[in-house]
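Below is one structure, written out as structure tokens, with a few remarks after it.
No lab work stands behind these numbers, since they all come straight from the coordinates. Everything numeric in this text was worked out from a predicted model, so none of it was measured. Every residue, glycine as well, gets a Cβ built from its backbone with ideal geometry; the counts of neighbours run over all protein chains shown.
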Amino acid sequence: MLVDSVNELIRKRRTVKPKMMANRGVDLSIIQEMLANANWAPTHGLTEPWRFTVFTGDARSKLAEFLAETYKKLTPPDAFKQNKYEGMSKNAMLAPVVIAIGMKRQASRKIPELDEIQAVACAVQNMHLTATAHRLCAFWSTNVAAVSGEMARYTGLTDDDRALGLFYVGYPGDDWPTGSRQAIEDKVRWISE
Ligand SMILES: Cc1cc2nc3c(=O)[nH]c(=O)nc-3n(C[C@H](O)[C@H](O)[C@H](O)COP(=O)(O)O)c2cc1C
């Protein structure tokens, strides 16, 4: 039954950080399928604002260096953490594929920026669910470097656009992780009159 499959897929989708990913490559045809499904996200005014830059191979080490240096540049000395800097200089090499997530602002700016960002989030969820169907996990990272103007420019976007983070994709190193959520009933109000 389709509904059972959808329920299972949505609930099985998991975040796994790069350091917990397996040392195993990902077939790029799966990444293509994830991107094709991202493209079917809902979009106000059909602006299709999602933009993706896919880093594989050696491009990941350049990305890692860029992230660490951008973190250093943007972080005041008293808030700077050496372990965070070192983590950033390694993370991209621990995942076989890293996808930079961007939002391209419509030239007329008619559609509100919030809607454009929400459309991109829908596209990322489509990617993550497609990854799950292939037994892949992922990690959406939104650290200071990953959402910076520097990151936007690094991926060919302009100051009108937004970098919305990095999406690390790989196979889990351990068993498939379990998730947890608080009850939905505490987050919903039903109004009928
Ligand atoms: C927009 C967005 C940004 C996120 N950024 C981070 C992040 O910067 N660091 C982090 O540890 N997790 C980040 N996450 C992932 C969450 O930690 C993760 O979704 C949460 O722990 C629930 O786990 P699950 O995805 O396996 O259900 C982000 C998730 C979303 C939707």
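So the values come out like this:
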item: Chymotrypsin sites (Phe, Trp or Tyr not before Pro) restricted to the stretch 147-193 and DSSP loop, no more than 14 other C-beta within 10 Å; result: W190
item: Extreme residue, positive dipole direction of the chain, given options L136, Q82, A163 (C-beta unit charges); result: Q82
item: Radius of gyration, Dmax [the chain; alpha carbons; angstrom]; result: 17.8, 60
item: Cβ charges +1 (Lys, Arg) and -1 (Asp, Glu), total dipole of the chain, debye; result: 340
item: Extension gain from M1 to L74, taking 0.36 nm per residue of separation minus the Cα-Cα distance; result: 21.3 nm
item: 19 Å Cα-Cα threshold exceeded, pairs from K12/K90; K62/K104; K62/K90; K72/K104; result: K12/K90; K62/K104; K72/K104
item: Cβ-based exposure ranking for M20, M88, in which fewest neighbours within 10 Å come first; result: M20, M88
item: Per DSSP, loop trypsin sites (Lys or Arg not before Pro) in the stretch 158-192 with at most 14 further Cβ within 10 Å; result: R181, R189
item: The stretch 100-154: trypsin sites (Lys or Arg not before Pro) in DSSP coil with no more than 11 other Cβ atoms inside 10 Å; result: R109, K110, R135
item: Within-13-Å neighbourhood charge of Y85 [Cβ basis; K, R +1; D, E -1]; result: +2
item: Positive minus negative residues near W140 (Lys, Arg vs Asp, Glu; Cβ under 13 Å); result: +3
item: Dipole axis of the stretch 1-46 (+1 Lys, Arg; -1 Asp, Glu on Cβ), positive-most option in A38, V3, M21; result: M21
item: Added length on full extension, which subtracts the Cα-Cα distance from 0.36 nm per residue, K187 to R135; result: 15.8 nm
item: Footprinting exposure proxy for L46, L157 (fewest neighbouring C-beta atoms within 10 Å first); result: L46, L157
item: Sorted by Cβ density within 10 Å, fewest first, the residues I191, I30, I101; result: I191, I30, I101
